[in-house]
1. Could you give each residue of region 225-235 its phi-based ³J(HN,Hα) in whole Hz, using Karplus coefficients 6.51, -1.76, 1.60 with θ = phi - 60°, and x for Gly or Pro?
2. Could you work out the local net charge near K157, counting Lys and Arg as +1, Asp and Glu as -1, over the other residues with Cβ closer than 9 Å to its Cβ?
3. Rounded to whole Å, give me the distance from the Cα center of region 1-39 to that of region 168-235.
4. Pairs of alpha-carbon atoms within less than 8 angstrom and 6+ residues apart define the contacts here; what relative contact order does region 6-232 have, in percent?
5. Quick check on region 122-169: take the gyration tensor over C-alpha atoms, sort the square-rooted eigenvalues as a ≥ b ≥ c, and tell me if it's rounded (a/c under 1.5), prolate or oblate.
6. Would you list which lysines come within 26 Å of K177, measuring only between C-alpha atoms, while excluding same-chain residues fewer than 8 positions from it?
7. Any chance you could list the semi-axes, whole Å, largest first, of the equivalent ellipsoid that the Cα gyration tensor gives for region 25-66, using √(5λ)?
8. Nearest-5 percent of antiparallel DSSP beta bridges in the chain?
Amino acid sequence: MQSPVFRARGISKVYRVGDVLVTALSRVDLDLHAGELLVLLGPSGSGKSTLLNILGGLDLPSEGNVRFLDHDLSSADDPALTRFRREHVGFVFQFYNLIPSLTARENVALVTEIASRPMPPEEALDRVGLGDRLDHFPSQMSGGEQQRVAIARAVAKRPDVLLCDEPTGALDCETGKRVLEVLARANQDLGTTTAIITHNAAIAAMADRVVRMRSGAIVEEVRNSVRVPASSLEW
Ligand SMILES: Nc1ncnc2c1ncn2[C@@H]1O[C@H](COP(=O)(O)OP(=O)(O)OP(=O)(O)O)[C@@H](O)[C@H]1O
Ligand SMILES: [Mg+2]
């Protein structure tokens, strides 16, 4: 396997709320390799989102080192992190975060207008099976369709890495599988390194590698010998 795209070493994150210190991550080491699909599992509060946010340059570790290729993210200032996110990272969150007053096409265009080598919004929406919904507003689409618009928006800038925090958390099983198929296809066709956080252990079967977290630490890492297609996942 090639050298890692992300290399996190000794990552700790401590939040202070008033007088209370909360340790969200404790000395975590993690590599993400080019093109791989990683699933991150763990109970609520185990530090999954904190870890993903640090990899994505949304947050900084309290201790430790995070590198993306030859960028040191752990010592980057705000403008450098903003640039890193804009140029390299696509995010997909549980609650879509679409702009209600913009159509599907306009929601995607908002991102492609500031990207350096984007695909046309129409192509991105076609890729997620919404080529016939370009002019629909979020309120005119189902939850699964809105999430696919959010994925189109994330992949349209051709990010190096796609970071997904519970992308199926608000969806029923069949709709969730459709969304996961779209993510797996972006990973395979575009070679986008992908990390997916989920509570649903069944989703682990579609990954190249599965990382389990508990209490701010990685407690297990498993490499799957085969990837199960998202449509065949059972839950
Ligand atoms: N901004 C913050 N301020 C204070 N504590 C925080 C903050 N963000 C997270 N935490 C705490 O850090 C710990 C890890 O949170 P995190 O959101 O990473 O967990 P998670 O594994 O994503 O959980 P969930 O599955 O519920 O989303 C939790 O104890 C949480 O309360
Ligand atoms: Mg979370």
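Only the coordinates and a few stated rules stand behind these numbers; no lab work does. As the structure is a computational prediction, the values presented were derived from the model and not from experiment. Quick reminder, even Gly has a Cβ in these numbers, built from the backbone with ideal geometry, and neighbours come from all protein chains shown.
1. Coupling constants for region 225-235: 7, 10, 9, 7, x, 4, 5, 9, 5, 10, 7 Hz.
2. Values: positive: R86, R117, R153, R158; negative: E87.
That sum, taken over residues with Cβ under 9 Å, equals +3.
3. A separation of 18 Å, based on Cα centres.
4. Values: 472 pairs, mean separation 61.7, N = 227.
Relative contact order for region 6-232 comes out at 27 percent.
5. Details: a/c = 2.55, a/b = 1.23, b/c = 2.06.
Oblate shape, in that a/c is at least 1.5 and b/c is the bigger or equal ratio.
6. K48, K157
7. Working: eigenvalues 53, 42, 19 Å².
After diagonalising the Cα gyration tensor, the semi-axes are 16, 15, 10 Å.
8. Numbers: 23 of 41 bridges.
About 55 percent, rounded to the nearest 5.
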